[in-house]
Structure formats: structure tokens, C-alpha cells
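The values are calculated or read from the model by the stated rules, or taken from the named source; none is laboratory data. The structure displayed is predicted, hence computed values, not measured ones. Reconstructed Cβ throughout: ideal geometry from the backbone, glycine too, with neighbour counts over all protein chains shown. Remember, those area values only see protein heavy atoms, side chains included, never the ligands or the DNA or RNA. Shrake-Rupley method; radii C 1.70, N 1.55, O 1.52, S 1.80 Å.
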Amino acid sequence: MGDLVKKIAVLGSTGSIGRQTLEVVRAFPDHFRIIALAAGNNTSLLAEQVNEFKSKIVFFEGDKTPLDKMGLDYKFLPLEDIACHPDIDIVVAGTSGKVGLKATLSAAKAGKKIALANKESMVMTGEIITAEARRNNAVILPVDSEHSAIWQCLRGETAPERLILTASGGPFKGYSISELEKVTAEQALKHPTWFMGTKITIDSATLMNKGLEIIEACWFFDMPIDKISVVIHPQSIIHSMVEFADGSIKAQLSYPDMRLPIQYALTYPERLSNENFSKINWNDMKDFTFEKPDYNSFPCLKLAIEAARQGGTYPAALCAADEAAVGLFLKNKIGFMDISRLIKQALDEHESVTNPSLDNILEIDIRVRERVLQMAGTNS
Ligand code: MG
């Protein structure tokens, strides 16, 4: 394949998206080469990955002993330098939280193809990132299943009338507010259909994940918030839909498997046959159901839509408040319904900045997180 081999950096290689990206790469050794791997603290897994994929550039935050023990030959570079490195074609932004923000921006400035799984990048800095990408001919390829579905439905089409994001409803679908007050982090971490990291799993349980995805969809597809709706589809087979002017709707379907949207982003515009993916068995499709989201039991969804409507730095404040509140919930310091309460309080007192710079946003991020901890009466 020679020059056709795509050279890839995986940011967040030991996380859920990163590991699944490497599974896709492993299935197509002639198509992809891993040039750089970046991880946080899981340096033992990182060392194995560096060894297997012969990655020559590495970033990590944790203890470097596991890498030394294997006698690996690599060059350490900061995340932002990896993201704009001249040897790299595609940057997979798979870190969670705002860690990936600056790196994503750096990749956009360098005109890279960015397979974007990091929600916070688009939600907090959608305006800045899309503008930088446009200016520098960077291409942002969605990796999230919903956005990948919409992207696939939009191929060959112009002017969609409405985007319909599907949501599984999470593990607490159908719960009343009083039942939700009592759920624990342990229960919330059991997601019915998708396997993901802890922050995003809690976001799926509160439906904040869907809220963040709506905001992302606005930026990805240049759609106003009021042309995006959400439908609960617990089987997670339809990954999202697009409606056109004539009322026709296109949907993308598959069994829930993140490797498929990851592979599509990496191979686009091609499609490759991957024997690891299961094809839909229509005899399984007995219950194919749809329902309206319950905005009362899951106020996070409404808070996200409201933040998107208000624009400015509201989405960034939403993200920051959510990350802080979810952190507290995971430490059993607040209840499940307190997550949305704290976010609402943080947004109510937020003073939005129009046309914010990255520094404005990072400052707001710190301030809002501190405020959430303060409101919750804790400092950790
Ligand atoms: Mg999703």
C-alpha cells in the first residue's frame, strides 16, 4: 500500500475509544500505522501497546517504569505536539474530559484529519475548533455512534431538515424522580448496551450525554438546536436519523459496537469488511421501540438544550459543572439527582461571554468547577 497507509496518533490509547481504535488498526495492518500513542496513568497497558504497534512517539502522565522495563525505544512529546506532528495524518481524539481540548485545537490548526470522540472539545469550544478547522483545511470526522450515523445518512445529500438523535435511555429509563434520588454510582455504571468510560457512563444515565451530543451535532452539521430532536430507542440499533424536506428519513443501523464508527472515521470514504463485526440478524429484531425522553426525571437533557440555545459560554459552563458534579457523584458525595441540581445552579449564575477565546473558556471551566464543589459543600 506504500503511501496509502494512514499514519495515526491515538490520544487516550488506554481508554475505551483508544483500545477499540487499536482493535480496528490491528485488523488492518496494511491500511494503518500507529505513529503515536498517548495515555494518562495506565502506563503498563501503554507499554504493551507501544511494544505491539511499534509506536515511535509517546505521551503519558503516570509512572514510566513499565515502559523502561520493556526497554522500549520511543520519543516523549507533549500531547499538543503529537496532535500537530508532521508524520501524522489522522489524530484520534479519544481522551475524555477537557484534557483533549488543547490537543484537538492543535490538530485543527495543523490541518489534520481529526477522528473526534472527545465530546468536551466540541461542546466547550465548538465555535473555535470549527473555525480553526475551516481556516486550516482540517477535517473533523465524528466517532460517536450518533454523529457517525448522521454523517453516513448525509452522504450524497444536501440540506437536511431535521436530525434525530437516538438514545438508549440509560439504565434508569422509566424511573421516577424519587427512585432516582436513591440510585448509586455502582448502579449507574451498569450501562445496558454500550461499554464506555466512567464519566460518559454516568452522563448516559443522566441523559447529559445526549444533551452534549445535541450540542456537538449543532457544530458538526451546522444545524440550529431547534432542528435537532431526541428519541429514546432502548435497543440501540438505530444510531440516529436524518429527515429531509420531503419527509423522507434515513437511518443508520447496526448492533451497538463502537468499533464500527471508529473504523468508518479511519477508512472514510472507503468501507472495509471487518470479520469482527456482527451483521444484523433480523430474526433478533422483535422489539424495536421508540419513546419520548422524560425531561422531568432527566433534567440534564433540558439543561443542555437550554445551554445550546443561549450559546456563548453556557455550553462550556454546562460541561464544567457536569464534570465536577459527576466526579462528586462517583465519590458518593452527592446523590444522582444532585448532579442536575448543581448544574442548574451553576448555569443560573453563569455570566456568559460572547465570542469567547480559549483562555476565557479555560478560565470559566476552572471557576465553574470550583463553584460546584463549593455549592456541594466539599472541596474535593
Ligand atoms: Mg453516543
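Being out of contact with any Asp or Glu (no Cβ under 6 Å at 6 or more places or on another chain), surrounded by 22 or more Cβ atoms within 10 Å (Cβ to Cβ), more than 22 Å from residue 266 (Cβ to Cβ) and at pLDDT 95 or above, is that true of even one residue in segment 72-92? Checked against the condition, which is being out of contact with any Asp or Glu (no Cβ under 6 Å at 6 or more places or on another chain), surrounded by 22 or more Cβ atoms within 10 Å (Cβ to Cβ), more than 22 Å from residue 266 (Cβ to Cβ) and at pLDDT 95 or above, segment 72-92 yields no hits at all. For residue 103, the test of being crowded, with 21+ Cβ neighbours inside 10 Å, out of contact with any strand residue (DSSP E or B) (no Cβ under 8 Å at 6 or more places or on another chain) and not charged (D, E, K, R) is failed. The residues of segment 299-351 that are open to solvent by 10 Å² or more (accessible area, probe 1.4 Å) and part of a loop (DSSP other than H, G, I, E, B), listed by number, are 311, 312, 331, 332, 333, 334, 335, 349, 350, 351. If I ask for residues that are open to solvent by 70 Å² or more (accessible area, probe 1.4 Å), modelled with pLDDT of 95 or more and part of a loop (DSSP other than H, G, I, E, B), which ones from segment 283-294 would you list? 290, 292 - these are the residues of segment 283-294 that are open to solvent by 70 Å² or more (accessible area, probe 1.4 Å), modelled with pLDDT of 95 or more and part of a loop (DSSP other than H, G, I, E, B). Residue pairs whose Cβ atoms lie under 6 Å apart, sitting 6 or more positions apart in sequence or on different chains, and linking a residue in segment 326-345 that is under 12 Å from residue 180 (Cα atoms) to a partner that is of a type in the set (Gly, Ala, Ser) and in a helix (DSSP H, G or I), are 339/325. Candidates 343, 339: the one that is in contact with an Asp or Glu (Cβ under 6 Å, 6 or more places away or on another chain) and of a type in the set (Val, Ile, Thr) is 343.
Among the candidates 269, 261, 256, single out the residue that is over 19 Å from the mean Cα position of the chain (by Cα) and not aliphatic (A, V, I, L, M). Show your work before the answer.
Values: 261 fails: over 19 Å from the mean Cα position of the chain (by Cα); 256 fails: over 19 Å from the mean Cα position of the chain (by Cα).
Criteria check complete, one pass: 269.
Residues in segment 196-207 that are under 14 Å from the mean Cα position of the chain (by Cα), buried (at least 21 other Cβ atoms within 10 Å of the Cβ) and not hydrophobic (A, V, I, L, M, F, W, C): 201, 203, 204. Mind checking whether some residue in segment 208-218 is over 27 Å from residue 124 (Cα atoms) and either within 21 Å of the chain's Cα centre (by Cα) or open to solvent by less than 30 Å² (accessible area, probe 1.4 Å) (or both)? Within segment 208-218 (the criterion being over 27 Å from residue 124 (Cα atoms) and either within 21 Å of the chain's Cα centre (by Cα) or open to solvent by less than 30 Å² (accessible area, probe 1.4 Å) (or both)), the answer is no, since none of the residues qualifies.
Summed over segment 134-152, residues that are under 20 Å from residue 212 (Cα atoms) and touching a Gly at 6+ places or on another chain (Cβ under 8 Å) total 1. Residues of segment 1-40 that are free of Cβ contacts under 8 Å to residues at least 40 places away in the same chain, more than 20 Å from the chain's Cα centre (by Cα) and open to solvent by 30 Å² or more (accessible area, probe 1.4 Å): 1, 2, 3, 4, 26, 29, 30, 33. For segment 192-202, the candidate set comprises residues that are more than 11 Å from the ligand (Cβ to nearest atom) and assigned to a loop (DSSP other than H, G, I, E, B); within that set, the residue that is modelled with the lowest pLDDT is 195.
Taking the conditions (1) more than 30 Å from residue 270 (Cβ to Cβ); (2) away from the ligand (no atom under 16 Å from the Cβ); (3) touching a helix residue (DSSP H, G or I) at 6+ places or on another chain (Cβ under 7 Å) in turn, residue 206 satisfies each one other than (2).
Within 14 Å of the ligand (Cβ to nearest atom), modelled with pLDDT of 95 or more and closer than 20 Å to residue 319 by Cα - does that describe any residue in segment 129-137? Even if it seems obvious, please write down each step before you answer.
Within segment 129-137, the subset within 14 Å of the ligand (Cβ to nearest atom) is none.
No: zero hits.
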